[in-house]
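Notes to accompany the following structure.
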Amino acid sequence: MDAAALSDHLVAEFGDLLEPEVSYGLLTVTVTPDGYRRVAEFVRQDRDVNCNFFEFLCGVDEEAAGIAVVLHVYSISHHHHVQVRSVVPRDGGRLPTVHDLWAGANWHERETAELFGVGFDGHPNLAKLLLPEEFEGHPLRKEFALMAREAKPWPGAKEPGE
Amino acid sequence: MGLVDKVELPQPIKFVFNWGRKYSLWVFNFGLACCAIEFIATSMARHDFIRLGVIPFAHGPRQADLLVVSGTLTDKMAPAVKRLYDEMPEPKYVISFGSCSNCGGPYWDSYSVTKGVDQIIPIDVYVPGCPPRPEALLHGIIKLQERIGTESLKERYARGELEPIVVGA
Amino acid sequence: MSTEQTTTGGNGGRQVAAPPDGGVAFQAADGTGVGIIVRDRADRALQTQDMTLNVGPQHPATHGVLRVVVTLDGEMIESAEPVIGYMHRSFEKLAEYRDYRQIIALVNRHDWVSSICNELGVALVVEKQMGLEVPERATWIRMLMAEWTRVLNHLMFVGSYPLELGAITPMFYAFREREEIQALMEWITGGRLHLTYCRVGGLKQDLPRGALQLSRDLVPRLRKRVKEYETLVLGNEIFAARTKGIGVLPADVACSYGVSGASLHASGVPEDARKTEPYLFYDQVSFDVPTGRNGDCYDRFAVLVARIKESLNIIEQVHERIPPGPVATKLPKVVRAPAGHAYVRAENPLGQLSYYMVSHNEKTPWRFKMRTPSFNNVSALPYLLKGTLVPDMIAVMGSVFFIVGDIDR
């Protein structure tokens, strides 16, 4: 199914619960944290959507709005992609885990939890994955400044982008 | 160690000892990142470093003379490097291969990268490049061998305990 | 020892639920491991305890700094947990501080044996978001370089996988081939390993005179040598005995983990981004996607060797198709991608590489997510290693074909 048909199919099932958006040929549906699990299950189990290939799960820092968690899955049989996006509050944001639907989500959720500080309910082991254990802070948040850039000015002749 | 660390050897014997040491360096494979690929390429048939006397595939740090740190050192890996360096018996030499191990390299502003392996262990030769060509590593090895050739073991051991380097302090 | 006792002899453990095949199980006092009481031939109780073994982070067979903590019952692995992060260089955070064009020099270092394919993804995603048209000549040359890089990457693993199993010769042969291809890469781009040849909007410079002829001459030499690998390695009975039937990955488990590339194809799923969502001009060349049947280590390696042959086919077809013309579009002085998010999927030699970029119309990207193939491939290791023997662990870990920089980014 192409993105527009997929969008209609999902809206027909969930109505106002999700907001679809098609950008550069990719469908992204934004749901509230409460509806996230239901939409993920549907995307995995419905015959016409059947997204069985797990691509990634990441966070995007949306500053005042919160932290957006983006789950991107693909269907091998139908050759379409779906992104399920859910915005959680910056402090104490939690989402249900999807690692029982896609086993690959296990590590991706651990990585998002340590880099952004988002909790995942039902995850068996949210220990740090990439960072050393004594690391403090959530590095990919926008307020986490890179100390090397603060301590020493950029050594190149021009700022990035000039 | 017997007399070697207490007595300054006469020049002919020192020449022979150093000649033996510099042309039989067992190198400990400590490939971390991309520079490890160029290190492996240097050990392979085209840019062979065995002909210079550097023997790859030491069985462990305890049987190695030379440590070539090739690749980015992260804060998580730093204690392992220190431990492996300490396990090597004296006299030992370290070549820092590549700009990541020299000074942090392209990741100079990263939160998880140690800016240079010389913050943790003392280095004898720095080979710059990203990644350096195999010929650069051969050049670095030759420079190291020149230094070993004129080295006095008594002075080396008389330096005593090397000052500990504290990471992050 | 009677089964009514509640402590083990010595380590003061406590009795836990009985194992399914009979016997009594005790857990040691410090919580580590579970000891099973087995009975020997004279029906005396022998007490065993699981051992936790740490493989890595520095180990000759783990391709870099990957650490695996295995719990062993004798020689059998009960559970294996990879510990990663020893090469975490925070590419995603660094990309937020660099201009769209500077990211290319950064990003060809995460999968450090396939630099062009990484850069290609970045160039494609920025061009998609900015709506840039890339000249045809640049696209064909990008394809040529991407396929040579694919051959380079596969040769690396064709050399190092038999080395882990004890065969030293293929390593030298593979690096002999790699040196010849790297000489071609150096002729065209000036670099051996990190090429930084793709630019947003095209390429850095045109092909130098003689490069195309060098490439044409190299293909038949490589074809002959790939045949050598097949007879030397795949036909070797020791190699076959060590890899057939080991580390079987079923197709549905592979998809659930997001395993891609040669490992997925060996499990029977021919999912290749070059075929299903063709980028560049892959829909204008003909090639096959080799798949395996059993999903074991032998199939994964056989698929890898077959992929080299397919890449050589593509390279030969591309040689005839490169048109004359410019190789780069003119970029504005300040490159800004419009606000929004874009996603590009590319077939890296190791598997499926996707870039997801969110832009807030600034000079640097807002969020740059790299979905790397090795991260998902290695997350399937706990499934693959459960129930294997220790020597097979090396065979399985090597057959997953990962690069540690790709896992940790």
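Throughout, read-outs are computed from the coordinates displayed, never taken from laboratory work. Note that the coordinates shown come from a computational prediction; the quantities given were computed from them, not determined experimentally. FYI the Cβ positions are ideal-geometry reconstructions off the backbone, even for glycines, and counts take in every protein chain you see.
Brief remarks on what is shown
- In this structure the amide hydrogen of C:SER79, modeled in the peptide plane, comes within under 5 Å of the amide hydrogens of C:THR71, none closer than 5 places in sequence on its chain.
- C:LEU214-C:THR231 pseudo-label distance in nm [points 7 Å out on the Cα-to-Cβ vector]: 3.0 nm
- For the range A:79-89, putting each phi into the Karplus relation 6.51 cos²θ - 1.76 cosθ + 1.60 with θ = phi - 60° gives couplings of 6, 9, 10, 9, 10, 10, 10, 9, 9, 10, x Hz, in residue order, rounded to whole numbers and with x for Gly and Pro.
- Choice from B:ALA80, B:ALA58, B:ALA36 with maximal GNM fluctuation in chain B (Cα, 10 Å cutoff): B:ALA80
- Taking every alpha-carbon pair within the range C:272-365, the share separated by more than 24 Å comes to 45 percent.
- Expected-Rg normalisation [2.2 N^0.38 Å, Cα atoms] applied to the range C:53-152: 1.51
- Close amide H contacts of A:LEU95 (hydrogens built in the peptide plane, cut-off under 5 Å, sequence separation of 5 or more or a different chain): A:GLY119, A:PHE120, A:ASP121.
- All lysines inside 19 Å of B:LYS22 as judged from Cα atoms, apart from same-chain residues fewer than 8 positions distant: B:LYS14, B:LYS92, B:LYS143, B:LYS154
- Peptide C:339-352 has a mean shielding of 3, counted as Cβ atoms of other protein chains within 10 Å of each residue's Cβ.
- Ranked C:TRP140, B:TRP26, criterion: other C-beta atoms within 10 Å, fewest first: B:TRP26, C:TRP140
- Shape call, the range C:173-289: gyration tensor on alpha carbons, a/c limit 1.5: oblate
- Once the convex hull of all Cα atoms in the range A:31-138 is built, its volume per residue stands at 92 Å³.
- For the range A:90-162, the relative contact order comes to 27 percent (Cα pairs under 8 Å, sequence separation of at least 6).
- Extents of the protein assembly as shown, largest first, come to 89, 83, 57 Å (Cα atoms, principal axes, whole angstrom).
- Choice from C:ASP299, C:ASP288, C:ASP217 with maximal GNM fluctuation in chain C (Cα, 10 Å cutoff): C:ASP217
- Relative contact order (%) - the range A:1-63, alpha-carbon pairs under 8 angstrom, separation at least six: 20 percent
- Descending by average beta-carbon neighbour count within 10 Å, the peptides C:348-356, A:53-61 line up as C:348-356, A:53-61, the highest first.
- Highest mean first, the peptides C:307-317, B:69-79, C:221-231, A:125-135 sorted by other C-beta atoms within 10 Å per residue fall in the order B:69-79, C:307-317, A:125-135, C:221-231.
- With q set to 0.15 Å⁻¹, the log10 of I(q)/I(0) for the range C:126-189, from the Debye formula over equal scatterers at the Cα positions, is -0.60.
- Cβ-to-Cβ counts within 10 Å put B:LYS14, C:LYS244 in ascending order as C:LYS244, B:LYS14, the fewest first.
- With Cα atoms, 0 to 90° folded angle of helix C:115-130 axis to chain C main axis: 60 degrees
- Multiplying the residue separation of C:THR169 and C:ASN361 by 0.36 nm and removing their Cα-Cα distance gives an extension gain of 63.8 nm.
- J(HN,Hα) series, the range C:250-265, from Karplus relation 6.51 cos²θ - 1.76 cosθ + 1.60, nearest Hz, glycine and proline x: x, 5, 5, 5, 4, 5, 5, 7, x, 5, 9, x, 4, 5, 6, 5
- Of the cross-linked pairs C:LYS275/C:LYS363; B:LYS115/C:LYS333; B:LYS82/B:LYS115; C:LYS309/C:LYS386, those separated by over 25 Å at the C-alpha level are C:LYS275/C:LYS363; B:LYS115/C:LYS333; C:LYS309/C:LYS386.
- Overall form of the range B:1-68 per C-alpha gyration tensor (a/c, 1.5; a/b vs b/c): prolate
- Measuring nothing but how far apart in sequence close Cα pairs (under 8 Å, 6+ apart) lie, relative to its length, chain C scores a relative contact order of 22 percent.
- When shorter helices are ignored and each DSSP H run of at least 4 residues is given -39500 (n - 2.57), the per-residue value for chain C at 222 nm works out to -13000 deg cm²/dmol.
- Helix C:211-229 axis, angle to chain C major axis (alpha carbon atoms, nearest 10°): 20 degrees
- Helical runs assigned H by DSSP (4 residues or longer) give chain B a calculated mean residue ellipticity at 222 nm of -10000 deg cm²/dmol, each run adding -39500 (n - 2.57) before division by the residue total.
- Rg over Rh, two decimals, the range B:22-104 (C-alpha only, Kirkwood Rh): 0.95
- C:GLY268 long-range amide H proximity, modeled H, under 5 Å: C:GLY292
- Applied to the range C:342-357, the Karplus parametrisation 6.51 cos²θ - 1.76 cosθ + 1.60 on θ = phi - 60° returns per-residue 3J(HN,Hα) values of 9, 9, 10, 10, 10, 9, 6, x, 7, x, 8, 10, 10, 10, 10, 10 Hz, with x for Gly and Pro.
- Efficiency of FRET between A:GLU133 and C:LYS244 - r from beta-carbon atoms, R0 35 angstrom, step 0.05: 0.30
- Projected-area average for the range C:275-326 over all orientations - Cα convex hull basis, square nanometres: 4.6 nm²
- Rounded, prolate or oblate (a/c below 1.5 giving rounded, otherwise prolate when a/b exceeds b/c) for chain C by Cα gyration tensor: prolate
- Other protein chain C-beta atoms within 10 Å of residue C-beta, averaged over A:131-143: 4.
- Other protein chain Cβ atoms within 10 Å, averaged over every residue that makes up B:67-80: 5
- Rounded to the nearest 0.05, the FRET efficiency derived from the C-beta distance between C:ASP252 and A:ASP34 at R0 = 25 Å is 0.30.
- With each label modelled as a point 7 angstrom along the Cα→C-beta vector, the B:ARG147-C:LEU53 pair spans 3.9 nm.
- Projected onto its three principal axes, the C-alpha set of the range C:194-238 covers 49, 23, 14 Å, listed from the longest axis down.
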